Structure formats: C-alpha cells, structure tokens
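Only one structure is covered here, and it is reproduced in the block below.
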Amino acid sequence: MSFADKKVISIGTVSKLSGLSIRQIRYYEERKLIFPERTEGGTRMYSFRDIERLVEISLQMEDGLHTYDIHRIEKKRKLRMDSSQPLATGHPGLIARRNTLLGGGFSGLVSLLLTQHF
C-alpha cells in the first residue's frame, strides 16, 4: 500500500486541505461517493487519494452534476478499469481546475500538509 492510500488523515485536516466543509465531506460519504475508515472510537480517517477524490467530486458538483451522475460515472470508470479499457482523461477544464486545487497531486498535497499549521 502506498502512502497515498493510507487512511491516516482526520476529517478536520481533510476539510482544511480540500476546502470543503465537514458537512460536505459527510454528505459525500452518505451518498456513497467516498469511503473513510473508522477508528475504534468512530473517527473518520481519510487518505490523500480520498482528498483528491473529494476535490474531484466537488468540481463535478460545481459543473452541475448530481451525486447520482457522479456515482454513475464512477461505476463506468471502474468497469473500464476492470475490463482494461483505456480511461477517458476527462473534461480539460475540470482537469486543469483539479490540478490547480491539488497543486500537483499527491506530492502537492504532501507539501501543503507539511506547510500548514493545524
């Protein structure tokens, strides 16, 4: 398992890194778009990959998609991955905005996390 997949980030930190409210993050979980792990005490824990996914979901919502649409797109994406078909790269504007927000993906998130004082 890579560092990007380890679920070690609390919801408060995810909120600060993603720019989403805690309520939005919980809503995406309720809609089965994101799947945090829970500690024994019930605290939600997220990975850097989850944060990237949350930003992507947020941008899709801003573009007018509904959670049902996002769920359907993700299901199609997973089917393509399972059948080894090439993945679509996505809408160029969405990709550019996501890259700007994430500051270069995983390495950008790590840099942002290291420079923040929580």
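The values are calculated or read from the model by the stated rules, or taken from the named source; none is laboratory data. Owing to the predicted nature of the structure, the values given are computational and were not obtained by experimental measurement. Virtual Cβ from ideal backbone geometry, glycine too; neighbours counted across all protein chains shown. For the accessible areas, the whole protein counts, side chains as well, though only heavy atoms, and no ligand, DNA or RNA atoms are used. Shrake-Rupley method; radii C 1.70, N 1.55, O 1.52, S 1.80 Å.
Cβ separations smaller than 7 Å between residues 6+ apart or across chains give the following pairs from region 1-28 residues that are over 21 Å from residue 65 (Cβ atoms) to residues that are polar (S, T, N, Q) and crowded, with 16+ Cβ neighbours inside 10 Å: 4/47; 5/47; 6/47; 7/47; 9/47; 22/15. Out of 5, 50, one residue alone is among the acidic types (Asp, Glu) and modelled with pLDDT under 95. It is 5. None of 10, 15, 2 is out of contact with any strand residue (DSSP E or B) (no Cβ under 8 Å at 6 or more places or on another chain), polar (S, T, N, Q), over 19 Å from residue 74 (Cα atoms) and surrounded by 14 or more Cβ atoms within 10 Å (Cβ to Cβ) except 15.
Close Cβ contacts (under 7 Å, 6 or more residues apart or on different chains) running from residues in region 66-79 that are among the hydrophobic types (A, V, I, L, M, F, W, C) to residues that are part of a helix (DSSP H, G or I) and open to solvent by less than 100 Å² (accessible area, probe 1.4 Å) comprise 70/57; 70/60. Within region 34-65, the residues that satisfy the criterion of being among the hydroxyl-bearing types (Ser, Thr, Tyr) and surrounded by 19 or more Cβ atoms within 10 Å (Cβ to Cβ) are 46, 47, 58. Residues that are in contact with a Phe, Trp or Tyr (Cβ under 6 Å, 6 or more places away or on another chain), assigned to a helix (DSSP H, G or I) and not aliphatic (A, V, I, L, M) within region 14-50 comprise just one, 48.
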